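The values are calculated or read from the model by the stated rules, or taken from the named source; none is laboratory data. Keep in mind the model is a prediction, meaning the values are calculated, not measured. Don't worry about glycine lacking a Cβ; one is built from the backbone with ideal geometry, like all the others, and counts go over all protein chains shown.
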């Protein structure tokens with residue numbers, strides 16, 4: 001075989017991955033996620049660990065979590081698909097306009113979440129990775145409009161999709177220390193319907209609801225470090241910049257004339273090899289939701305004279321949060337790796353902000369996951385995971401403004417996910 005053959009084979013695999021990513025991008029992928037509206041992990045294998053992976057890269061999508069990690073996963077391709085089922089609902093009580101009742105937000109029950117990744121050593125100590133995955137999102141569909149008593153007509157709900165394409169480079173400064181950088185190329189789209197009652201409070205009443213899908217694209221950067229200390233301890237750190245985006249079709253709904261940025265976030269992680277087969281993994285992630293005006297501004301801004309869509313217009317009132325992830329990876333045999341995890345996120349939605357968050361009840365906090373990888377051959381492996389985010393209710397407290405009749409809105413959510421992936425080493 002000539003020297004050019006391996007390079008041609010790598011180019012062929014990369015083209016195949018791009019075609020696969022394009023195909024998967026056409027699938028209807030919308031979801032909530034455990035950490036507000038961020039996904040817990042980047043891939044089937046990482047989700048089996050509850051998303052913990054800043055210091056413990058496991059597959060070709062490692063660059064999504066920490067670009068420095070692609071230096072330790074080898075040359076490989078991974079593709080996968082997750083079936084996701086959220087259960088979301090809301091209850092209104094004590095409302096003077098007659099909105100009281102319980103409302104189911106499961107207009108669409110099941111979603112498909114695709115993923116794909118590729119890593120390759122391009123030179124001595126230099127590694128390239130390309131990953132494609134969903135960053136997160138939110139979806140509600142209320143056949144019985146919870147804002148109907150205020151003049152809402154038809155089904156109410158929103159659909160947010162965030163998809164990331166991440167080219168990454170990693171460099172081994174020493175055999176045990178690597179640094180990495182990636183470009184976070186984001187594509188978002190959004191629609192809202194059934195929100196006519198809010199148009200009277202907007203600077204652009206015709207751009208609040210029922211305008212179809214609006215799309216936005218943006219680019220950010222992620223930096224990462226991964227370091228091995230002896231045979232047992234690995235540490236990692238990563239930071240991602242804010243990605244600016246704007247939905248022109250909803251410039252009357254979101255603050256700053258439709259602005260909807262993906263917030264900056266950072267994290268640190270550790271992995272400790274207890275025995276030759278057992279490794280314990282822990283990550284802490286900080287997500288700055290409050291820095292995104294359309295997400296972080298409270299609904300009370302409306303009562304202070306700030307119209308929907310204005311520079312300081314009302315939003316969902318989300319807080320910055322920490323997410324804590326604990327996982328265990330156990331090599332049961334050369335053919336079988338087992339995984340289990342627990343993750344906990346702080347509550348992003350205050351009890352006083354539940355009325356608007358009927359549209360986006362991203363309130364789950366605790367999640368259990370388990371998964372496994374079967375090494376079917378020297379090169380190929382099949383992985384799966386299952387996760388359950390426990391049902392969480394946030395009870396409103398002073399949540400419905402008096403112009404809407406007062407009372408309280410309680411919101412709740414639980415989630416289940418089942419994913420499968422195939423990886424092969426090249």
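Among the residues that make up the stretch 137-155, is at least one of them without any contact (Cβ under 8 Å) to a residue 24 or more places away in the chain and either touching a helix residue (DSSP H, G or I) at 6+ places or on another chain (Cβ under 6 Å) or within 22 Å of residue 222 (Cβ to Cβ) (or both)?
For the stretch 137-155, residues without any contact (Cβ under 8 Å) to a residue 24 or more places away in the chain and either touching a helix residue (DSSP H, G or I) at 6+ places or on another chain (Cβ under 6 Å) or within 22 Å of residue 222 (Cβ to Cβ) (or both): absent.
Taken over the stretch 385-414, the criterion of being touching a residue at least 60 places away in the same chain (Cβ under 8 Å), part of a loop (DSSP other than H, G, I, E, B) and either more than 16 Å from residue 355 (Cβ to Cβ) or out of contact with any strand residue (DSSP E or B) (no Cβ under 7 Å at 6 or more places or on another chain) (or both) is satisfied by 401, 405, 406. The test for being under 24 Å from residue 365 (Cα atoms), in contact with a strand residue (DSSP E or B) (Cβ under 9 Å, 6 or more places away or on another chain) and free of Cβ contacts under 8 Å to residues at least 40 places away in the same chain holds for residue 266. Evaluating residue 63 against the criteria (1) closer than 26 Å to residue 363 by Cα; (2) under 18 Å from the mean Cα position of the chain (by Cα); (3) crowded, with 24+ Cβ neighbours inside 10 Å leaves one unmet condition, (1).
A residue that is touching a helix residue (DSSP H, G or I) at 6+ places or on another chain (Cβ under 8 Å), modelled with pLDDT of 95 or more and not in a loop (DSSP other than H, G, I, E, B) occurs somewhere in the stretch 318-326. Only one of the listed residues (100, 78) is more than 26 Å from residue 162 (Cβ to Cβ) and in contact with a helix residue (DSSP H, G or I) (Cβ under 9 Å, 6 or more places away or on another chain). That residue is 100. With respect to being at positive phi and either free of Cβ contacts under 8 Å to residues at least 24 places away in the same chain or touching a helix residue (DSSP H, G or I) at 6+ places or on another chain (Cβ under 9 Å) (or both), residue 256 fits the description.
Only one residue in 409, 360 is at pLDDT below 95, closer than 29 Å to residue 288 by Cα and crowded, with 24+ Cβ neighbours inside 10 Å. Which one? It would help to see each step written out before you state the result.
Numbers: 409 fails: at pLDDT below 95.
Just a single option satisfies the conditions, and that option is 360.
One residue alone among 107, 94 is more than 15 Å from residue 74 (Cβ to Cβ), surrounded by fewer than 19 Cβ atoms within 10 Å (Cβ to Cβ), touching a residue at least 60 places away in the same chain (Cβ under 8 Å) and out of contact with any helix residue (DSSP H, G or I) (no Cβ under 6 Å at 6 or more places or on another chain), and that residue is 94. Looking only at residues in the stretch 200-225 that are part of a loop (DSSP other than H, G, I, E, B) and touching a residue at least 60 places away in the same chain (Cβ under 8 Å), the one that is nearest to residue 325 (Cα to Cα) is 208.
The residues of the stretch 287-297 that are outside any helix (DSSP H, G or I) and either closer than 19 Å to residue 204 by Cβ or at pLDDT below 95 (or both), listed by number, are 292, 297. Within the set 268, 284, the sole residue that is surrounded by fewer than 16 Cβ atoms within 10 Å (Cβ to Cβ) and either modelled with pLDDT of 95 or more or in a loop (DSSP other than H, G, I, E, B) (or both) turns out to be 284. Answer yes or no as to whether residue 398 is surrounded by fewer than 18 Cβ atoms within 10 Å (Cβ to Cβ) and farther than 28 Å from residue 115 by Cβ. Answer is yes for this residue. A single entry from 112, 61 fulfils the requirement of being more than 30 Å from residue 404 (Cβ to Cβ) and in contact with a helix residue (DSSP H, G or I) (Cβ under 8 Å, 6 or more places away or on another chain): 61.
Inspect the stretch 226-235 for any residue being part of a strand (DSSP E or B), surrounded by fewer than 22 Cβ atoms within 10 Å (Cβ to Cβ) and out of contact with any strand residue (DSSP E or B) (no Cβ under 6 Å at 6 or more places or on another chain) and give the result as yes or no. Checked the stretch 226-235: at least one residue is part of a strand (DSSP E or B), surrounded by fewer than 22 Cβ atoms within 10 Å (Cβ to Cβ) and out of contact with any strand residue (DSSP E or B) (no Cβ under 6 Å at 6 or more places or on another chain).
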